[in-house]
1. Taking R0 as 30 Å, what FRET efficiency do you get between Lys59 and Tyr26 from their Cβ-Cβ distance, rounded to the nearest 0.05?
2. If the limit is 22 Å between Cα atoms, which of Lys129/Lys172; Lys172/Lys220; Lys134/Lys247; Lys172/Lys257; Lys51/Lys220 go over it?
3. Report the label-to-label distance for Val44 and Thr162 in nanometres (one decimal), using points 7 Å from each Cα along the Cα→Cβ vector.
4. Take peptides 223-236, 55-68 and line them up by average Cβ neighbours within 10 Å, highest first, as a rough protection proxy.
5. Give the residues of the stretch 226-258 whose amide nitrogen is closer than 19 Å to a point set 7 Å from the Cα of Asp117 in the direction of its Cβ.
6. Would you please give the FRET efficiency between Glu231 and Asp185, computed as 1/(1 + (r/R0)^6) with r the Cβ-Cβ distance and R0 = 30 Å, to the nearest 0.05?
7. Considering only protein heavy atoms, what per residue accessible area in square angstrom results for the stretch 135-243 with a 1.4 angstrom probe?
8. Would you pull out the residues with amide H under 5 Å of Thr162's amide H, same chain only if 5 or more places away, H placed 1.01 Å from N?
Amino acid sequence: MDFLNFLEFKITDVIDIILVAALLYYIYKLVKGTVAINIFIGIVIVWALWKLTELLQMKMISSMVGGFMNIGLIALIIVFQQEIRKFLLMIGSTNFASKRNFIRHFKFLKQEAMPTDTNVDAVIGACEKMGSSKTGAIIVIERTNSLDFVRSSGDTMNIEITQPILESIFYKNSPLHDGAAIIQDNFITATRVILPVSNDRDIPLRFGLRHRAAVGITEKTDSICLVVSEETGLISYIKNGEFVPYKGLEELTDLIKKDLE
């Protein structure tokens, strides 16, 4: 009879399973492609083993695994501090509840992709022009996570995106060129922004502070970054703390538009 009772599902059980699955999915997205992914998979396996031993009433092994899970909680917080911060930023984002960003989080509910408001062609055109003159630049495009915590470090603006304006911001003699420019929708909302620098030792030494800052902000938020190298003029595209490869500017434009949907 106990076994039959176990098979009796209520609507709350179904909701519980869906919520747990959604939570695990979001955590997996946050740690995917990082060294933390193996730790995350190991935790899921240990947790599943713990629940299985509880279900089978194997009290000794269940208590041992349960004790390990309880003691390991503090260690997990230390190991996953960057991922936990990013997850909390995503949940607590001031933009999370907006219609546009709500649909971004639940793409499976929409039939067609929403067109981005950002003038990506103007951004890429400016990066191409700055690359040809080896003008260093770092452009951060905000998505669902609010960038107010770094925006306040720079000069607040509200200028619609055009290629000449972006080029003038990063012109070498411009007082605004030092730091990052933040784009929200189709507006430049801040310049001279100071970004958190990544401590990732896997970043090749040929990349300087601009690239490390781009990796840092995309590690902590879901924003995307474009960096123009002052030394080589090459354009780097950075997302989720990683350099995204592309074959040409047309492909780069398509990648950005897709990521902003």
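The values are calculated or read from the model by the stated rules, or taken from the named source; none is laboratory data. Please read these numbers as outputs of a predicted model, since none were measured by experiment. Note that we place each Cβ from the backbone using ideal geometry, even for glycine, and neighbour counts take in every protein chain shown. Ligands, DNA and RNA are stripped out before the accessible areas are found, and what is left, the full protein with its side chains, is counted by its heavy atoms. Shrake-Rupley method; radii C 1.70, N 1.55, O 1.52, S 1.80 Å.
1. Given R0 = 30 Å and the Cβ-Cβ separation, E is 0.35.
2. From the list (Lys129/Lys172; Lys172/Lys220; Lys134/Lys247; Lys172/Lys257; Lys51/Lys220), the Cα-Cα distance tops 22 Å for Lys172/Lys220; Lys172/Lys257; Lys51/Lys220.
3. 4.9 nm
4. Output ranking for 223-236, 55-68: 223-236, 55-68.
5. 256-258
6. The calculated FRET efficiency here is 0.40.
7. Numbers: 4850 Å² over 109 residues.
Spelled out: the 1.4 Å probe surface of the stretch 135-243, per residue, equals 45 Å².
8. Excluding prolines and chain starts, which carry no amide H, there are no hits.
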